[in-house]
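Quick notes on the structure that follows.
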Amino acid sequence: MPLNKTALAQSILKLMTDARKETEIDDSKFANGLADAIDAFVKTGEVQAGIPVSTTGTAAAQTGATTGTGKIL
C-alpha cells in the first residue's frame with residue numbers, strides 16, 4: 001500500500017485551521033501536531049514482500065526472501 005498523501009494533507013490542513021482559532025500562538029503545539037501527522041503518514045507505508053535476506057555465521061545459514069508484507073514501525 002502506498003503512503004497516504006491525501007490523509008497527510010488533510011491532517012496538516014486541520015492542524016493549520018485549528019491553529020488559526022487559537023487566541024495565542026503556540027509554536028510548540030503546532031510543531032508537535034505536525035510531527036504527529038508526519039509520524040502517522042510514515043506508518044501507513046508497508047515494506048513489500050520479496051526482499052532478499054540471508055543469515056551468516058553458522059552451518060545453518062540460509063538465504064531466501066521475505067514472504068509477508070511488513071509495517072514501518
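The values are calculated or read from the model by the stated rules, or taken from the named source; none is laboratory data. Bear in mind that the values here come from a model prediction, so they are computed numbers and not experimental data. When we count neighbours, we look across all protein chains shown, and the Cβ atoms used for this are built from the backbone with ideal geometry, even at glycine. For accessibility, only protein heavy atoms count, side chains too; no ligands or nucleic acids. Shrake-Rupley method; radii C 1.70, N 1.55, O 1.52, S 1.80 Å.
Before moving on, here are some points about what is shown:
- Evaluation of GLY68 against (1) open to solvent by 60 Å² or more (accessible area, probe 1.4 Å); (2) in a loop (DSSP other than H, G, I, E, B) (one fails), failing number: (1)
- Long-range neighbours under 9 Å by Cβ, at least six apart or interchain, first residue modelled with pLDDT under 95 within the stretch 9-21, second open to solvent by 60 Å² or more (accessible area, probe 1.4 Å) and among the basic types (Lys, Arg): ALA19/LYS29
- Only one entry of LEU3, LEU8 meets the criterion of being in contact with a helix residue (DSSP H, G or I) (Cβ under 7 Å, 6 or more places away or on another chain) and not in a helix (DSSP H, G or I), and that entry is LEU3.
So that you can scan it fast, the table gives a plain yes or no per residue for (1) open to solvent by less than 50 Å² (accessible area, probe 1.4 Å); (2) of a type in the set (Lys, Arg):
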| position | (1), (2) |
| --- | --- |
| ALA7 | yes, no |
| LYS21 | no, yes |
| LYS29 | no, yes |
| ALA37 | yes, no |
| VAL42 | no, no |
| ALA61 | yes, no |
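- Evaluated against (1) open to solvent by 60 Å² or more (accessible area, probe 1.4 Å); (2) of a type in the set (A, V, I, L, M); (3) part of a loop (DSSP other than H, G, I, E, B), ALA49 falls short on exactly one condition, (1).
- Filter result (among the hydrophobic types (A, V, I, L, M, F, W, C) and surrounded by fewer than 12 Cβ atoms within 10 Å (Cβ to Cβ)) within the stretch 9-19: LEU13
- Residue match in the stretch 39-51 (condition: free of Cβ contacts under 8 Å to residues at least 12 places away in the same chain and not aromatic (Phe, Trp, Tyr)): yes
- Restricting the stretch 11-46 to residues that are part of a loop (DSSP other than H, G, I, E, B) and over 27 Å from THR67 (Cα atoms), the residue that is nearest to the chain's Cα centre (by Cα): ASP26
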